[in-house]
């Protein structure tokens, strides 16, 4: 079987969840490829020999223009310099500068930055804190390869969520160790217990941030503590590698190997791993 098209990050979704003996919700993760803006079934199965080839063409995921180099996961240089989705505040929400009148796109701010956000705990390579829009749950967790996740707070804007995440990150990691992620499942954690410890420890500083935002704006953006259930996710992996070798299509345009698993945005082959999201905008040929 062969498929060809301009790639974007894989679409991850949950199958029907089950309930374990501990009453923790579990769900299997299933994937589809996105080629030419269309979701397609995977052209290969676990345990099959696969081939991924880059045609040498790159197209901007925003404007569709052919480009010689990809910036910020699939953008041409012009879009990279002008699109709000490529601004520093996307990686560091606490640096949002809309209130200073320097946002690149008003529509983007309303559709993304001023939507309710969730502050969450997750377990991917270890305990981490993160943020995401409510509409991006559970996609954000699955893209990160988290095996457990728990929403702990709901806030009214991306900037506010970024300040709370930065606060928690003074004691908890806010990034995933991708190598550990691909070497196996992280040891299970009691995220509910961790939530209680974190909220108690940071209560005075959370109140201080909330008050600062309420004073600086005409409205209170809101900070709501959630009493949500912990969730866990099972990824389609037959075998994890003992050593991590990363494939690079820019250096080796054609790679082959037996598909051993999919986790986060990574395909795990017996010859190495490849981060599909990294090649957004690349025209790929997938063969099995």
Worksheet item: Quick one: in region 8-36, which of the residues that are modelled with pLDDT of 95 or more and farther than 25 Å from residue 240 by Cα is surrounded by the fewest Cβ atoms within 10 Å (Cβ to Cβ)?
Response: 36
Discussion item. If I filter region 93-115 down to residues being in contact with a helix residue (DSSP H, G or I) (Cβ under 7 Å, 6 or more places away or on another chain) and in contact (Cβ under 8 Å) with a residue 60 or more places away in the chain, which single residue comes out as nearest to residue 263 (Cα to Cα)?
Written reply: 93
Fill in: Matching residues in region 45-66 - criterion: being surrounded by fewer than 20 Cβ atoms within 10 Å (Cβ to Cβ) and either more than 27 Å from residue 269 (Cα to Cα) or touching a helix residue (DSSP H, G or I) at 6+ places or on another chain (Cβ under 6 Å) (or both)
62, 63, 64, 65, 66
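Pick out the one residue from 45, 4 that is more than 22 Å from the chain's Cα centre (by Cα), at pLDDT below 95 and more than 19 Å from residue 146 (Cβ to Cβ). Walk me through it before giving the result.
Details: 4 fails: at pLDDT below 95.
The match here is 45.
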Item to complete: Give just the number: which of (1) in a loop (DSSP other than H, G, I, E, B); (2) touching a helix residue (DSSP H, G or I) at 6+ places or on another chain (Cβ under 6 Å); (3) at pLDDT 95 or above does residue 122 not satisfy?
Response: (1)
Worksheet, complete the sentence: The number of residues in region 90-105 that are in a helix (DSSP H, G or I), modelled with pLDDT of 90 or more and over 26 Å from residue 179 (Cα atoms) is 2
Fill in: Sole exception among (1) in contact with a strand residue (DSSP E or B) (Cβ under 7 Å, 6 or more places away or on another chain); (2) closer than 24 Å to residue 266 by Cα for residue 85, by number
(1)
Practice prompt. Scan region 106-119 for residues that are out of contact with any strand residue (DSSP E or B) (no Cβ under 9 Å at 6 or more places or on another chain) and in a helix (DSSP H, G or I) and report the count.
Written response: 7
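The values are calculated or read from the model by the stated rules, or taken from the named source; none is laboratory data. Computed from a predicted model, the values in this text were never measured in an experiment. Positions of Cβ are generated from backbone atoms using ideal geometry, with glycine treated the same way; all protein chains shown enter the neighbour counts.
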